[in-house]
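One structure below.
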Amino acid sequence: MLRYRTLIQSREPKEAVEVEASAILSLLETARQRSTRPVSPRTTFTSALVILLREGSSHPGGGRSHRHADQVGRARRSATCTPVGRGTPLGD
């Protein structure tokens, strides 16, 4: 999966990405066939948590840059919002 992600991020040719995707799907199917019992809720939760932590740490600011946060903050401060049914609609 890491190689697949790297191929996409480095903008490798579509054919290389498709070959890697096929290999991943084949491995997933093999794992599904070998699975004899369902995964416990604890294992599912732990796996999801590890993925979230890994993905969050692979991007500065937990997936969002400080620059992005500044832009969002400025946009929120400059927007004029009025409650529905009071004043003028947004955009006027």
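The values are calculated or read from the model by the stated rules, or taken from the named source; none is laboratory data. For clarity, every value in this text was computed on a predicted model and none was experimentally measured. Reconstructed Cβ throughout: ideal geometry from the backbone, glycine too, with neighbour counts over all protein chains shown.
Annotations for the structure displayed:
- Total residues in region 36-60, condition modelled with pLDDT of 90 or more, within 16 Å of Met1 (Cβ to Cβ) and either of a type outside the set (Gly, Ala, Ser) or assigned to a loop (DSSP other than H, G, I, E, B) (or both): 3
- When restricted to residues that are in contact with a helix residue (DSSP H, G or I) (Cβ under 8 Å, 6 or more places away or on another chain) and not in a loop (DSSP other than H, G, I, E, B), region 1-35 contains 9.
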